[in-house]
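First the structure, in the form of structure tokens, and then the observations on it.
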Amino acid sequence: SSLPRLFSGIQPSADSLHLGNYVGALVQWKEMQATYDAFFCVVDLHAITVAQDPALLREQTRRTAAQYIAAGIDPAQSTLFVQSHVPAHAELAWVLNTITGFGEASRMTQFKDKSAKQGADSTSVGLFTYPVLQAADILLYDATIVPVGEDQRQHIELTRDLAQRFNSRFGQTFVVPEVSIQKESAKIYDLQNPGAKMSKSGESPAGIVWLLDEPSVTAKKFKSAVTDAGREVRFDPIEKAGVSNLLTIMSVLSGTAIPALEDQYSGRGYGDFKKDVAEIVVESFAPIRERTLELLADPAELDRVLGGNADRANEVASATLAKVYDHVGF
Ligand code: ADP
Ligand code: NA
């Protein structure tokens with residue numbers, strides 16, 4: 001393929017992906033796969049930087065891959081694979097570890113946040129070097145574009161620094177990727193706590209809308225979504241965070257601009273509005289849920305698809321690694 005390369009991934013750290021992953025990642029990935037030679041990875045090596053149950057991890061990895069496909073990632077057009085199936089990720093990460101400064105890694109704010117929450121004794125060295133593994137993911141595929149959320153900006157900057165450092169120390173090897181931060185409109189917040197982004201590790205179960213929720217469960221979550229004391233459907237992320245989040249969700253899924261939605265619900269209160277948001281989410285998710293369950297019912301076929309895609313990823317990744325090993329003197 002002569003198209004520019006793209007790399008992105010999600011951790012298999014839950015049974016289901018959520019509305020934030022769908023809007024912030026899958027919808028965009030699906031659009032981009034026609035114009036990029038895209039590598040979409042289920043990053044299980046990243047997932048074990050915090051303790052995982054082995055049987056659950058195996059199951060979640062399959063489920064995550066199935067949801068990629070069900071949401072429209074075409075494994076014949078894009079390369080959809082599991083990170084641990086491609087040994088070059090761990091191998092390149094080791095080499096990059098040796099050119100990463102201890103102080104430089106210590107400045108990563110995501111590590112500082114996560115390790116502060118966990119405490120030093122339950123924080124692994126793997127979590128510390130997580131951004132270096134992420135750099136390896138990207139650099140193995142000569143990715144020129146890495147679509148991520150704002151929270152990942154610092155990690156992509158580190159990837160760029162490491163690529164440039166390696167190139168200047170050992171000779172031209174890596175393509176230096178561009179940071180392509182998704183627009184703020186693609187960020188989805190927790191339905192119960194609209195000040196926090198929707199996340200697999202969110203605190204209130206009712207605040208997270210899972211892609212694989214039953215339709216009745218989805219409807220209930222939207223019915224009890226936090227709004228405010230007013231009754232005006234207006235986009236104002238500061239004063240009306242809950243309502244603005246619902247407007248974003250509806251706008252992204254319906255393709256209708258937010259001002260048009262404000263007009264449509266003018267004078268109608270929150271009840272109708274919430275019901276319609278739930279409906280469009282259920283409509284969007286129902287076929288994906290169905291397809292995911294179909295794919296999971298035939299694990300041999302899913303494994304066959306993932307195996308073929310891993311072969312494709314291995315071909316590209318092992319060629320990059322061979323160049324790296326040669327340049328460092330192996
Ligand atoms: P989580 O926070 O649920 O563990 P990840 O960190 O694995 O999610 O993110 C996977 C992808 O989904 C990334 O591209 C990230 O930007 C996107 N993403 C995660 N949560 C949201 C959200 N609330 N809104 C928009 N995009 C999100
Ligand atoms: Na991630």
How large is Rg/Rh for the range 1-49, to two decimals, with Cα atoms and a Kirkwood Rh? 1.02
Take every Cα-Cα pair in the range 122-267 and report what % of them are more than 20 Å apart. 61
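Arrange the following residues from fewest to most other Cβ atoms within 10 Å of their Cβ: Thr248, Thr100, Thr159, Thr256.
By the 10 Å Cβ count, ascending, the order reads Thr256, Thr100, Thr248, Thr159.
Where does each of Tyr270, Tyr22 land when they are ranked from fewest to most other beta-carbon atoms within 10 angstrom?
Details: Tyr270 19, Tyr22 26.
Neighbour counts put them in this order, fewest first: Tyr270, Tyr22.
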Cα-Cα separations in the range 177-330 greater than 22 Å, expressed as whole percent: 55
Mind ordering 190-199, 146-155 by average Cβ neighbours within 10 Å, highest first? 190-199, 146-155
Can you bin every Cα-Cα distance in the range 262-330 into 10 Å intervals starting at zero and give me the percent of pairs per bin, rounded to whole numbers? 15, 20, 18, 17, 17, 10, 4, 0
Could you work out the Kirkwood radius for the range 1-135, taking every pair of different alpha carbons, averaging 1/r and inverting it, reported in Å? 16.1
Got the relative contact order for the range 128-218 handy, in percent, Cα pairs under 8 Å and 6 or more residues apart? 23
If you count the DSSP beta bridges with both ends in the chain, what percent of them are antiparallel, to the nearest 5? 15
Taking the Cα atoms only, what angle lies between the long axis of helix 109-118 and the longest principal axis of the chain, rounded to 10 degrees? 80
Mean-square fluctuation check for the chain, GNM, Cα pairs under 10 Å: which of Val23, Val316, Val282 is largest? Val316
When only alpha-carbon atoms are used, what values of Rg and Dmax, in angstrom, describe the range 45-118? 15.9, 42
If each Cα of the chain is one equal point scatterer, what is log10 of I(q)/I(0) from the Debye formula at q = 0.15 Å⁻¹? -1.28
Normalising by the residue count of the chain, find the relative contact order in percent from Cα pairs under 8 Å and 6+ residues apart. 22
Could you please rank Ser2, Ser201, placing first whichever residue has the fewest other Cβ atoms within 10 Å of its Cβ? Ser2, Ser201
Kirkwood hydrodynamic radius, computed over distinct alpha-carbon pairs, for the range 92-182: how many Å, to one decimal? 13.5
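How big is D, in µm² s⁻¹, for the range 125-175 by Stokes-Einstein at 10 °C and 1.306 mPa s if Rh is the Kirkwood radius over C-alpha pairs? Show your work: numbers first, answer last.
Details: Rh = 11.4 Å.
After rounding, the answer is 140 µm²/s.
Assigning unit charges at the beta carbon (Lys, Arg +1; Asp, Glu -1) and nothing else, what dipole magnitude in debye, to the nearest 20, does the range 268-330 show about its Cα centre?
Using only the charged Cβ atoms, the result is roughly 260 debye.
Computed from the coordinates by the stated procedures, all read-outs in this text should not be read as laboratory data. In this text, all values refer to a predicted model and were calculated from it rather than measured experimentally. Quick reminder, even Gly has a Cβ in these numbers, built from the backbone with ideal geometry, and neighbours come from all protein chains shown.
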